[in-house]
């Protein structure tokens, strides 16, 4: 009996010692995050969003690998406010950049006191990078390295020539290519290739630690310099669709190259990928007067019609979120800040965030939209601003850019029911003055509080 008792004690002791010396299981690495933010891409300019004449296999595959949204909005119809709202999770007004930032060095934009996604992830122990376009500030305290990004490569203004890396659209011509705040010269090298190269290096160098990459692609923004093979591919399309299409497919190919690199490094399953356009396609003279498409939706960049603010948007995370599903709920770019924070278990800062966590919507098509009301206020005359409020199917616009004068009522209002009239052809403002009054009041209430920090 004594021997048996000693045997039991010995077995238990050996077991305890074995447990003591068993290596700890490697903790699950926090997910990486990549945001792909395209520039002036129309809502319908992907096959999966309705295009019949474009070749976009990589963007389409990304959409099928996750959840894509059909009523997703930018918080502004122009570049800088859209980017400021993405980076801060705030309406552009609260982010301190409701208008376009300058493309001149030495001019500030979004205040350096704003707290960006770069800072959110950096403070949580992530390695952070900005690659591509910035356009939210061109001073040392408003450039990427001062806004939470460990690494930055790209241009600070609104656009560049892809080969010389000069800004040509307001004289004098200005070179605009920077690496971590130092001007560099890569004359003759194609900027989309440089973006892929720098992004690939960042992924490789940080493959063993969590990272956040803000990949702000400058396509299909003018000057529409698609690669020759794509210009040849689309040679039978009418102008300017041919040049725009070549820029889109060039961009699609570069996205594919980055995703292949992610796969080669074995990082795809542990990387959340968000894809979105910053706003609608451009009809500016500098982009040959158009080329993009919003499908059935009216309007383009600068406008609060749907084509100016409704954008393609995707989130993909293998084995963690639904695959090849569509969400119709209203969502917006300000929502990525709290959503990605939640997925990565990062506490939100103690300041006002306008965005909402999209996890319930991503998980279920039956979830309620987090935005029963959504507001915009954009460029316009001091006494005649362009603004809009969305309340369910009802959308009220004041002085929307691209509206004909005779389409607006005497107060410059345009009211539409998007369910009945998604193309925004019929102004119902005079038929429903009660709805106009209610939405006008809702917008004034929003405007009264949106500048509070």
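Quick look at the numbers
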quantity	calculated
Residue within region 322-331 that is in contact with a helix residue (DSSP H, G or I) (Cβ under 7 Å, 6 or more places away or on another chain) and either under 18 Å from residue 87 (Cα atoms) or not assigned by TED's automatic domain parsing to the domain that holds residue 242 (or both) present	yes
Subset tally (residues that are more than 24 Å from residue 85 (Cβ to Cβ) and outside any helix (DSSP H, G or I)) for region 254-279	3
Only listed residue being part of a loop (DSSP other than H, G, I, E, B) and surrounded by 15 or more Cβ atoms within 10 Å (Cβ to Cβ), chosen from 365, 322	322
Qualifying positions in region 79-117 - part of a loop (DSSP other than H, G, I, E, B), crowded, with 24+ Cβ neighbours inside 10 Å and touching a strand residue (DSSP E or B) at 6+ places or on another chain (Cβ under 8 Å)	91
Residue check, residue 392 at pLDDT below 95 and surrounded by fewer than 20 Cβ atoms within 10 Å (Cβ to Cβ)	no
Per-region count, region 53-76, residues farther than 23 Å from residue 118 by Cα and not in a strand (DSSP E or B)	16
Residue match in region 372-381 (condition: exposed (fewer than 14 other Cβ atoms within 10 Å of the Cβ) and closer than 25 Å to residue 451 by Cβ)	yes
Residue in region 281-298 that is under 15 Å from the mean Cα position of the chain (by Cα) and modelled with pLDDT of 95 or more present	yes
Selection count where residues are without any contact (Cβ under 8 Å) to a residue 24 or more places away in the chain and surrounded by fewer than 18 Cβ atoms within 10 Å (Cβ to Cβ), scope region 216-261	7
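The values are calculated or read from the model by the stated rules, or taken from the named source; none is laboratory data. This is a predicted model, so every value here is computed, not measured. Glycine also receives a Cβ, built like all others from the backbone with ideal geometry; neighbour counts cover every protein chain displayed.
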